[in-house]
Structure formats: C-alpha cells, structure tokens
Amino acid sequence: MQIVLNCLSLTSFYLCFALGLALVFGVMRIINFAHGEFFMIGAYVTYFCVATLAPQIGGPSAWLVGAIVAAAVTGLLGAVLYRAVVVPLADKPLAIFISTLALSYVLQTIVVQIFGPVGLSISPPLRGVVSVGGAILPASRVMVIVAAAALSTGLWIYLMRTEPGRRIRAVAQNPRGALLQGIKTRNVGNLTLIIGSGIAGICGASMGPISQISPYMGGPALWKAFIIIIVGGIGNVWGAVAAAAIFGVLDTLMSQFGGGRFLALTSAAIMLFVLSVKPSGLFGEKE
Amino acid sequence: MDLMTRIIVAGVFACGLTGYASAQETINIGVVQPQAGECAQWGVPITRGVQIWAEEFNANGGIADATGKKHQIKVTTYDNNCYTAGDELTAFRRAILDDKVNFILQTFTPASRQAVAQIATENKVLTTSYGAGYLNAKYPFLIGSVTGSPGSYMFLVSHLLETRPDIKKVAIVTADHSFGQAALAYYKAGITPYAKRVEIVYSQPYDPASTSDMLGLATPIFASSPDLIVELGFTPGQQALFIEAMEQLGYKGLYGSEGWTMGLVTERIPAAQLAGRVFSAYVVDASEPSFSPRVSKFYKSYVEKYGQKEWSVLASVAYAAMTTVEAGIQKAAAPTGDAVRQALFTTDTVDQPLFGKSHWGGAEMYGANNWLLTPLPVYVTDDKGGVKVDAVVDVAKWWNANKDAALPVLAQGGQVSANK
Amino acid sequence: MLEAQDIVVEYGGVRALDQLSFSAQIGDVTAVVGSNGAGKTTLMNTICGLIQPVSGEIRLDGERIDGLAPDEIVRRGISLVPEGRELFPRLSVLENLLLGATVRPDPATRRTTLARIYELFPVLADRQSQKAGQLSGGEQQMLAFGRALMSLPKLLLLDEPSIGLAPMVEEQLISAIRDYSLENGIGVLIVEQNAMLALEYAQHAFVVEQGRVALSGPAATVRDDPAVIASYLG
C-alpha cells in the first residue's frame, strides 16, 4: 500500500515538472532550457513569501500567497522570454535553444547572488500525515498531488473546452493555417509561454516544501521532464501525463527493490529505446 | 619643508615600511575548495574556518615559530567546482607555482588527493585535509591532520554499537558516488567486529538524482526495520527531508552521520522527538561549548561574522585541521612546508592543540603513518535541537583492538592502498 | 473592390511580382491564369498579408490593406483557402469551422453562418465531431471552404482548390462555392492549374507571366485569346 501511495506521489512530481514544458514544446516547438530555472525561481519566491509572511498570516496562507506570486513572477518571465528571445529569433530554433540556455545560467547566478549557493528549506505549510490503509502520505505531499491534478485538469479544460485553448491547439498543429484564420499567433505563443512558465512556478511552489531548494535544482528536474515528454510523445500533453505515470511507478518500484542507483541509467535507456523504435514517442502523433 | 623634501622623506619612509614588512615572513596558505556552485555549501564554510583561524593569529601579531619570530598568515582561496580531480590539480598549480603557498588545505576525496600528491611533494608544500582519504609513503607531504572523513564513519558506528548493545539491525544509506562508496566500506568495517550480534539489514546505495523523492527512498529502509540508520551523501536539506520521511513512516530508532544541520531538521520535526536519537561525529562540532573553550570561542566569532543561519559543522572541521598545522609551525624553526613537516613527525605523537596527545597512524591502510588519529568526540542531539558530547572515542585504541576484523572489509571496499 | 497597384515582391533579391496591377470586383468571380512559378501563389499570399510587398499598394474598398497583419486582413474581409488546405488535422470538423470564425466572435452570427455552411455541405454536419484528418479529400476541401466562409469574407481567395481531387468532385465543389458566393455577394479570386475550369466559371480573368499581368479582361475574351489557348488551354 505504501508503494502505491509512493507511486502516486512520484507521478505527481513528474507530472508537475513535465506539464508546462510539454505545453510549450508541443505548441511552439521550442526547447525552453530555462524552464527548470523557472521552477527553481517559483520555489525561491515561495521561500521568500513563507519566510517573510508566515509569522504574520500563518504558514498555509503564506504558502498560498507564495504560490500565486510564484506563478505571476514566472509567468512574467515567460512573457519576457517570448518578447526578448522567441520573437526576434523566430525560425532559428538553435539560437532560441542557446539563448534559453544562457538565460538559465543568468537566472541561476542571480538567485545565487540574492540567496547564496547553499540550499534552503521551505518550512512545510501543512504538517502531519494522512494514513491510508496502514500506509502514510505526508500532508505536504497530498498538496503536491492535489496541485498536479488541479493543474492537469485545469489545463485540459482550458485547452479542450475554451476558445483560447482551441486556438492554442490550432497553432500547435498548423501555425500557418492558424494565421490564415485570423488567429494572432504571436499572442497565442506569448500566452502559451506564460501558462507553461506559470505552471513551472506553481510546481516550484508546491514541490519546494518537500524537497531542498537550491539554485541548481532546475537542471535535474528539467532532465527528467525532457525524458518524460520525449517518451510521452512530443507535442502531446496527455502523452506526458501517461509517461509521468509510467516513470512514477517504475522509479518507485526500482527504489523499493534495490535498483535505486540505476534510476538515471534506466530512464535514459528507456528514452533511447523509445526514440529508436517510435521516434514520435509512445503517444505521439505522426508529424 | 619644501615639496621635494617631503616627497623624498615620504619615499624613504615607504621603503622603510616595506623593508620592515618583508623581514617578517608571511605564511601563505591556500584553501582549495568549491567557492561557487552547488558544492559551495560545503566549500564556503570550510574556507571561512581557515580564514578565522588565520585571523585569530593575525590579530595578535601573527603565529610564532620555534624561534619566537611571529608571522602573519595570508589565506588565498582556489576554486574547485565540486571536488573534481582535474580542477584540483589546476588549482594546486596556481597556488604552488604562481602564488608560492607553503601549506594547502584540500578535500579528503581520494581522487583529488591522488591528483595533487606529486606536485605537492615535489614542491614541499605541506598538504593537509580534514581526514586521510588518500596517503602514500611516496608522498610524505600529503598528510591527514585529524581523524576526519572517512575514518570517522567507522569510529562513529562502532562507538554506537559498543555503547548500545540493544542495537541489532543497522541500515546503511549511502549515495552511489566515490564519497558514498568509501562511507559504505567504512561503516561496514565499523560494524564487522560486532557481526555476531548486529546485522546489516539495508545497504543499497541510491542514485543522488533520486533524492527528490525522499519518501520513495525511505520506504524500503523503514521496511527493513533497523534500530540504527547511518547515512552519508545527503546535503543538509536532504538530511532533514530524510529524517522527516522516516519519522512520518514511524521510525523510532537512531540516526548517525558525520554531521546534521539541526536547524533544518527541527524546522520539520520537533527537537524533543529526536532528542538522544541523532548522532554525529566528524572532527569536532564547535557549536557544542563543553568540549573545548577554544573551538567554542571560534564558533562565537563565526556566528558573529556570518550569522547563525550560515553555520556549518564543516567550519569547525577545517578549523581543527588547521590547528595541527599550527602545532607544527610552532615547533618548527621556520614556517616552510619542509620544516613544519619535520617538526610534526619528530615523534610518533603530536600534542594537538584541541585534542591533546594524538598518534600518527594509517600504515595498515596507506603504507604510511601520515594520518593523525585525533580522539573523536561523538555528539548527540538534545531536546532543544542543540548537541552535547556523548563520548570522546579513543580511535587509536579501537583501531588497534579491531583492525584485524576491520581491515579486510576496508580492503574489500577498495579503501586499502598499502600494498598497491 | 480589391485593387492592387504596382506591387513588387522580392525573395532574396529576385522579383516574384514585378509591378503587378489588377482589380477584382466583390460579387464577381475573377480567375488568375498563369504557369507554374509565374507568381500566382505569391500574389495570393501578398494579398493575405503573409508576404509584405516591397512597394505598391493594395486596397480593399478604397482602404489600404498592404502592411496590415494577416489577422487584420481577415477581419477586413479577405479569406484565403490555401493550396494544400492547411486544415487542423487533429481537431474536429466543428472545431476547424469555429476557428474559421476567430474574427467574428458573436455567437449568434456564428450559429447562423454555421447553419448555412452545413446546408451548403451537409456532409460536414454529419461528420462534425470527426477529426479533420480522417475526412476524404473532397470532404477536406469542403471543410476548407466552409472554414474560410465562417469569417464572413467579402472576398474569398481560392488557391488551387482542385489539387488532388477527382474531376467530378472538382466541378461540383467549385460550382457550389461559386453559387454560394454569388448568392451572398462574395467576390472570388481563383487561381487554378486547370485554367479551363476557372475561366468557365469566372466573369473576369487576368494572365500572370513572370510576375506581371500579361493580359486581362472578361473571362470570355481571355479564353478566346490565341496565346492563352496555346499556353494554358491546349
């Protein structure tokens, strides 16, 4: 039973990381290397809010404020990235990739300058443990599961049931066709990057209290997220959800049964295998 | 005085001053540690420990050698991004060839020590560390100043088993990198003499990347129902998350590691719940006042200078390592690497300023007695998140009594280089 | 009326349109005839704002539209059915149609336009929840027409609408769209490989050669021109 809960918990971590990246990558076909740093900044913004506000308004409210500010800050960063990098460098994917890589280092350095290189810890807004059939789930993890579920459902509803969401999907499938329908593809791109980056920020806010936060936490998270969206199928947000679940279960079982040190290796091997057998990913549509 | 005269007088005065300064030889000490990046969380406090040690002397006119002459100490830092051997050698080249340092404090990481052994020895730069890591008879200028890592892991776990006979099951939680592998071998070596009554129930190394899911890591450890968990490889924040996960799962046993950052732990788990259950032993923990008034004073000046939040036990570890060099300088006729080395090795013991009489050891493992076996204080947490001394382990005595059992385990774990 | 005057378009220094001028009446069908590479598709893309002319002016009902963003041009009433259709293959038929109405947000207008398009192409109503990529070639072309009509254009640009269709289907579709346009006062500017077909349905026509208008006039006149017969209808 504990294993089932651990699977659920890890899946929600992975989903949380991968969701925003899958959206941006799927719609705009650009690799935002700074996505991991947006996640990191979300965690630091939350740290700052909790550290300054918790004594006055209490841990949970301070965390909530932190999450909202985190989403706003990272959303804004997404908008800046769009204006400053994606628009001027449109049609030069490599240049965009390099620029976002540079941005990721800049953001890392800024955070090191403000908060120092040493990892910090966000004091958990919710303490205590939920017991389910003899197994336990810490309340702070329930929070991540709820956040990941809410983000995915919210994104699903937004994309599938609203007009701006429909436009996003149209641009993802055929940007030129979308332009001819009178869709402002630039605005859609901007919106997508804001949403994707905002999700990274909220993810940082919810993951922060259960992991150590450091200026370098973005890299490993991004690496796993890449593996997930490649295995899930580039451009398919729902494939990413499925891949997150696959890795959540697989990695939990491996840690449980003594394969913990081979996690990075197996993830990379699975990715290479999927790329060679089905390059569009397990759930990807053929281009 | 006309302007010309003033200039001449000023010039003469300036020359005189410089001349005076150079008559008093400055001791150049290099610290090779990560200064930026993720590993700086270890490197920065270590560097500060050395700097405060130097400042204490400099404030009193310098450190006196055996002739009574006082020397100012200049500490220069060299960055090694995260204890990689190649970076270590580059840093040593700059320190030794460009800046002419006399002494260097470096990491105990074996690969990094090996990489610089030759250049340090050829240039007679006394190179020390807070532990042995790697030593060799061919490289007499490579020494271990204090018991330190990784030896302390063995002495910590053996101390706990010896003093707490109700411990029957031990879980060893180490990262799957060279650090962690060394710790695993030393923990096993410390358990082996008690193999009749103690069982190792968990010893799977973990992938450092998987630490984002602490609950996943903790679940199988909890399932092995240990009475004692010894850890190495977590960052301070991860340690806190690990204890949190274990406590949430319902673990009631003991924890051991080289050090714990209790501030981070008590943010998650009440100190009272952990009182008497969390043990550490590295070299010395200056935040504990009773062991030595001198390190306690050092702790106060550190906290005054950098703040309570920036405190790390590693600062006191580096400070303690420098006090062995200090003992050598005070016994040497001149503050050169060569003279200090000779002064330290005139007898097989050193009157260590913090730990008292300590034996040179290490021959069985490294083929050279270049490791100073300083007595090891073991600390245990109290109900306020502070630490108190549980015992001071006479490590040389334990080693002599148990080396026959422990050595083969260390050899098996790849930690013995004496016969290679 | 759509008027283009002396428009020049260059690709990397090479002139694709060289001071091209023409006009097309709203409510009429105007055919553009020309060989491959003469500049017909470039002309269509320039009118839609996908390509910016180096010089010259394009006016719709007297107002300049060159230099406007593509979405503004759609809003002003020009809609292109591009070569290759450019549908959204993994969206449903209905979603494709609704996206065509991006610049007409009023729900009531959308509902009536949709009803009229379903009336024109009943098969689209039957398939409205199917993915566009699963339709047959003819159905996809209907969807492309329908999607363009959802923006309530004054002028419909058709770029090679017959490509990949069986001749029977091709004739049916083009006559359907022509009839609908004439009934609703929509102008049509059609570029067709199959010049005979285009000229048959058009009132006016002009011939583009090497980026210039070589000949223009009533469709019947153009159709009977010996040079046109030799080059495009033979």
Test: residue in the stretch B:355-372 that is polar (S, T, N, Q), in contact with a helix residue (DSSP H, G or I) (Cβ under 6 Å, 6 or more places away or on another chain) and touching a residue at least 24 places away in the same chain (Cβ under 8 Å): no
Which condition number in (1) in the same structural domain as residue B:233 (by TED's automatic domain parsing); (2) of a type outside the set (Asp, Glu); (3) assigned to a loop (DSSP other than H, G, I, E, B) is the one that residue B:157 fails? (3)
Within the stretch A:155-170, residues at the interface with chain C (Cβ under 10 Å from one of its Cβ atoms) and touching a Lys or Arg at 6+ places or on another chain (Cβ under 9 Å) come out as A:160, A:167, A:169
Test set (1) open to solvent by 40 Å² or more (accessible area, probe 1.4 Å); (2) at pLDDT 90 or above; (3) in contact with a helix residue (DSSP H, G or I) (Cβ under 6 Å, 6 or more places away or on another chain); (4) not polar (S, T, N, Q) - residue A:129 fails condition number: (2)
Grab the helices (runs of 4 or more DSSP H) fully contained in the stretch B:173-268, keeping just those with 1 or more residues being open to solvent by 10 Å² or more (accessible area, probe 1.4 Å) and facing chain A (nearest Cβ under 9 Å). B:214-223, B:236-249, B:262-266
Near pairs, Cβ below 9 angstrom, 6+ apart or cross-chain, from the stretch C:89-109 (more than 17 Å from residue A:179 (Cα to Cα) and in contact (Cβ under 8 Å) with a residue 12 or more places away in the chain) to any residue that is open to solvent by less than 20 Å² (accessible area, probe 1.4 Å) and outside any helix (DSSP H, G or I): C:93/C:135; C:109/C:101
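May I ask you to verify whether residue A:14 is in contact with a strand residue (DSSP E or B) (Cβ under 8 Å, 6 or more places away or on another chain), open to solvent by 10 Å² or more (accessible area, probe 1.4 Å) and in a helix (DSSP H, G or I)? Let's see the steps before the verdict.
On the way: in contact with a strand residue (DSSP E or B) (Cβ under 8 Å, 6 or more places away or on another chain): no; open to solvent by 10 Å² or more (accessible area, probe 1.4 Å): yes; in a helix (DSSP H, G or I): yes.
Answer is no for this residue.
Can you name the residue in the stretch A:12-28 that is in contact with a Cys (Cβ under 8 Å, 6 or more places away or on another chain) and among the hydrophobic types (A, V, I, L, M, F, W, C) and is also farthest from residue A:100 (Cα to Cα) among such residues? Give the derivation first.
Kept after step one, since they are in contact with a Cys (Cβ under 8 Å, 6 or more places away or on another chain), are these residues of the stretch A:12-28: A:16-17, A:19-20.
Then drop every residue that is not among the hydrophobic types (A, V, I, L, M, F, W, C), which leaves A:16-17, A:19.
Values: A:16: 20, A:17: 17, A:19: 18 Å.
Going through the qualifying residues, I end up with A:16.
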Taking the criterion of being open to solvent by 20 Å² or more (accessible area, probe 1.4 Å) and in a strand (DSSP E or B), would at least one residue in the stretch C:160-176 satisfy it? no
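Please verify whether residue A:202 is β-branched (Val, Ile, Thr) and over 17 Å from residue A:66 (Cα atoms), treating the condition exactly as stated. Steps first, please.
Working: β-branched (Val, Ile, Thr): yes; over 17 Å from residue A:66 (Cα atoms): no.
Spelling it out, it is not the case that residue A:202 is β-branched (Val, Ile, Thr) and over 17 Å from residue A:66 (Cα atoms).
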Which condition number in (1) away from chain B (no Cβ under 14 Å); (2) under 25 Å from residue A:64 (Cα atoms); (3) among the small types (Gly, Ala, Ser) is the one that residue A:233 fails? (2)
Are any residues in the stretch A:255-287 surrounded by 20 or more Cβ atoms within 10 Å (Cβ to Cβ) and within 14 Å of chain B (Cβ to nearest Cβ), and if so, which ones? A:255, A:260, A:261, A:263, A:267
Using beta carbons and a limit of 6 Å, which pairs, at least six apart or on different chains, have the first residue in the stretch A:146-171 and under 14 Å from residue A:238 (Cβ atoms) and the second one open to solvent by 50 Å² or more (accessible area, probe 1.4 Å)? A:165/A:158
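From the list A:41, A:68, A:57, which one is under 25 Å from residue A:209 (Cα atoms), at pLDDT 95 or above and surrounded by fewer than 24 Cβ atoms within 10 Å (Cβ to Cβ)?
Numbers: A:41 fails: surrounded by fewer than 24 Cβ atoms within 10 Å (Cβ to Cβ); A:57 fails: at pLDDT 95 or above.
Exactly one residue qualifies, and that residue is A:68.
Working carefully through the options A:168, A:122, A:194, find the one that is in contact with a Gly (Cβ under 7 Å, 6 or more places away or on another chain) and either open to solvent by 20 Å² or more (accessible area, probe 1.4 Å) or over 30 Å from residue B:34 (Cβ atoms) (or both).
Details: A:168 fails: in contact with a Gly (Cβ under 7 Å, 6 or more places away or on another chain); A:122 fails: either open to solvent by 20 Å² or more (accessible area, probe 1.4 Å) or over 30 Å from residue B:34 (Cβ atoms) (or both).
None of the other options fit; the residue is A:194.
Test residue A:182 against the stated conditions and say whether it is on the phi > 0 side of the Ramachandran plot and without any contact (Cβ under 8 Å) to a residue 24 or more places away in the chain.
Numbers: on the phi > 0 side of the Ramachandran plot: yes; without any contact (Cβ under 8 Å) to a residue 24 or more places away in the chain: yes.
Here the answer is yes, as residue A:182 does meet what is asked.
The values are calculated or read from the model by the stated rules, or taken from the named source; none is laboratory data. Computed from a predicted model, the values in this text were never measured in an experiment. Quick reminder, even Gly has a Cβ in these numbers, built from the backbone with ideal geometry, and neighbours come from all protein chains shown. These accessible areas exclude ligands, DNA and RNA; they are computed on the full protein's heavy atoms, side chains included. Shrake-Rupley method; radii C 1.70, N 1.55, O 1.52, S 1.80 Å.
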